[in-house]
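Worksheet: the structure to be examined is printed underneath.
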Amino acid sequence: MARLAPPIACALALLACFVALSLGQTLPPPPIPSHSPGHGYHSHSAPGAAVHVTAFFDFQCPDSRDAWTQWQSVFASLSYAELRFSLVSFALPYHRNAFAASIAAEIVNEIAPIKYWSYVDALFANQSLFYNDPTIDDDYLAIETILYDIAAPLGVNKAEFFELFGSQSVLSPVRADWKAAAASGVYSTPSYIVNGAQLNDCQWDSSTWIRVINDTIMRVEQ
């Protein structure tokens, strides 16, 4: 493969840097979201908690499912004053139905916010229904139907559920959360930001999380 002579390559590199800097100074900043990414867990969402954990989970990811199980023990062990927990859905590209699952969760949140966390539980419990292999020949409507069938026992309105798939009211927050996660440097699930510190591909068990959070609380109180 032909290569540019060093002086020419250096000149082009400098020109590219100059153009990038110029554009960065003239282009408007990206829109600021109307809310912080994700959903605050219902029993642990107090803004004044000593430790704030933002979790980035993929609803089709087995590791995210296992992590969610661990967090149930953490919630039972720590008070709302000690822990604030937010969940951001982050669909990985090789999980073909993860983005649809994120949309479905946002639909449930829009139709019946009180049922959002029950649906999160149901998605992880029924994850195998929308894995890649069992759905390889399914079209998008078939995937939507699977995701509704998971929501049906919660009493979610069927007509509203299907009507909202693809609507901007649910697509916008899902996309905004995904972009916020990517901009934060998240590249795998489960990942976390704990009081600003990033933990990518973190698979701690509940006892480790409880110990880390309690240690952090002690430092905060000093």
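Worth pointing out:
- For the stretch 201-214, filtering for residues that are touching a Ser or Thr at 6+ places or on another chain (Cβ under 9 Å) and not in a helix (DSSP H, G or I) leaves 3.
- Residue identified as open to solvent by less than 20 Å² (accessible area, probe 1.4 Å) and more than 22 Å from PHE99 (Cβ to Cβ) among TRP204, TRP209: TRP209
- Restricting the stretch 177-187 to residues that are of a type in the set (Gly, Ala, Ser) and under 10 Å from the mean Cα position of the chain (by Cα), the residue that is surrounded by the fewest Cβ atoms within 10 Å (Cβ to Cβ): ALA182
- Test: ILE217 is assigned to a helix (DSSP H, G or I), among the aliphatic types (A, V, I, L, M) and open to solvent by less than 60 Å² (accessible area, probe 1.4 Å): yes
- Here the stretch 114-138 is the region considered, the condition is being assigned to a helix (DSSP H, G or I) and among the charged types (D, E, K, R), and the residue that is surrounded by the most Cβ atoms within 10 Å (Cβ to Cβ) is LYS115.
- All conditions but one from (1) within 17 Å of GLN127 (Cα to Cα); (2) touching a helix residue (DSSP H, G or I) at 6+ places or on another chain (Cβ under 9 Å) apply to TYR94; the one that does not is (2).
- TYR94 vs. criteria open to solvent by less than 10 Å² (accessible area, probe 1.4 Å) and without any contact (Cβ under 8 Å) to a residue 40 or more places away in the chain: no
- Residues in the stretch 167-176 that are in contact (Cβ under 8 Å) with a residue 40 or more places away in the chain and either open to solvent by 50 Å² or more (accessible area, probe 1.4 Å) or more than 16 Å from ALA105 (Cβ to Cβ) (or both): SER169 only.
- Answer residue from the stretch 139-165, given it is free of Cβ contacts under 8 Å to residues at least 60 places away in the same chain and not in a helix (DSSP H, G or I) and is least open to solvent (accessible area, probe 1.4 Å) among those: VAL156
- Extreme residue, farthest from the chain's Cα centre (by Cα), among residues of the stretch 188-200 that are surrounded by 14 or more Cβ atoms within 10 Å (Cβ to Cβ) and either in a loop (DSSP other than H, G, I, E, B) or without any contact (Cβ under 8 Å) to a residue 24 or more places away in the chain (or both): ASN195
Listed here are the residues, each with its yes/no results for (1) assigned to a helix (DSSP H, G or I); (2) over 28 Å from ILE136 (Cβ atoms).
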{"residue": "PRO47", "(1), (2)": "no, yes"}
{"residue": "HIS52", "(1), (2)": "no, yes"}
{"residue": "ALA55", "(1), (2)": "no, yes"}
{"residue": "GLN60", "(1), (2)": "no, no"}
{"residue": "ASP66", "(1), (2)": "yes, no"}
{"residue": "VAL74", "(1), (2)": "yes, yes"}
{"residue": "TYR80", "(1), (2)": "no, yes"}
{"residue": "SER86", "(1), (2)": "no, yes"}
{"residue": "ARG96", "(1), (2)": "no, no"}
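- Tally, over the stretch 68-91, of residues that are out of contact with any strand residue (DSSP E or B) (no Cβ under 9 Å at 6 or more places or on another chain) and either within 21 Å of ASN109 (Cβ to Cβ) or surrounded by 20 or more Cβ atoms within 10 Å (Cβ to Cβ) (or both): 2
The values are calculated or read from the model by the stated rules, or taken from the named source; none is laboratory data. Because the structure is predicted, anything quoted here is derived from the model rather than measured. Reconstructed Cβ throughout: ideal geometry from the backbone, glycine too, with neighbour counts over all protein chains shown. The area values use the complete protein model at the heavy-atom level, side chains included, leaving out ligands, DNA and RNA. Shrake-Rupley method; radii C 1.70, N 1.55, O 1.52, S 1.80 Å.
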